[in-house]
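Data block below; observations after.
FYI, it's all coordinate maths here, none of it is from the lab. Please read all numbers here as calculations on a predicted model, not as lab measurements. Methodologically, a virtual Cβ is constructed for each residue, glycine included, from the backbone with ideal geometry; neighbour enumeration extends over all protein chains shown.
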Amino acid sequence: MKYILLIISLALAILCSCSQVQSPEEQQETLEQNVLAVHDTAMAKMEDIFKLRKSLRTLRDTLETQTQPDSAILNNLQQHIQLLNRADEAMMGWMRQYKAPAADMPNEQAINYLQQEMVKIKKVQTLMDSTINAAQATYNSYDQNK
């Protein structure tokens, strides 16, 4: 009896594991959804870039009105503004060049394309995250000192 249950359990496990293998069409669909999910996550941070860039500009402008503005601080703020601009442009550039695979594109080619796009959008996301974190830290340090 135990052996029968064991054999049935193994057979079910094998059947379940086989059914989890995705077809090329399903792989393509899943990969495309994952690429767009990374994009959506990164895109949600665009508002952070806009707000932080505005805050840095306001802080820079305020510091410039002081009688003896510290040029090193102003240059540092300007550098972070430019880095935020680059992160913004990286996202916009990726969105301009991304094209969903055409319906008649072979699955293998579409999967390869989507894998390349995943690498690209993850680089954009990493750039955005690191730029936002660095700019926020800089803003916080100077804003407390003004």
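A simple packing score, the average count of other Cβ atoms within 10 Å per residue, orders the peptides 95-103, 71-79 as 71-79, 95-103, with the highest score first. Packing around the peptides 61-68, 32-39, taken as the average count of other Cβ atoms within 10 Å per residue, puts them in this order, highest first: 32-39, 61-68. Taken about its Cα centre, segment 25-145 carries a charge dipole of about 540 debye when Lys and Arg each add +1 at the Cβ and Asp and Glu each add -1 at the Cβ. Of the two radii for segment 25-145, the radius of gyration is 1.17 times the Kirkwood radius, both from the alpha carbons; that is the Rg over Rh value. Under 1.5 on a/c is rounded, so check that first for segment 94-144, then, if it is not, pick prolate when a/b is larger than b/c and oblate when it is not; a ≥ b ≥ c are the square roots of the alpha carbon gyration tensor eigenvalues. Taking the square roots of the gyration eigenvalues as a ≥ b ≥ c, segment 94-144 is prolate.
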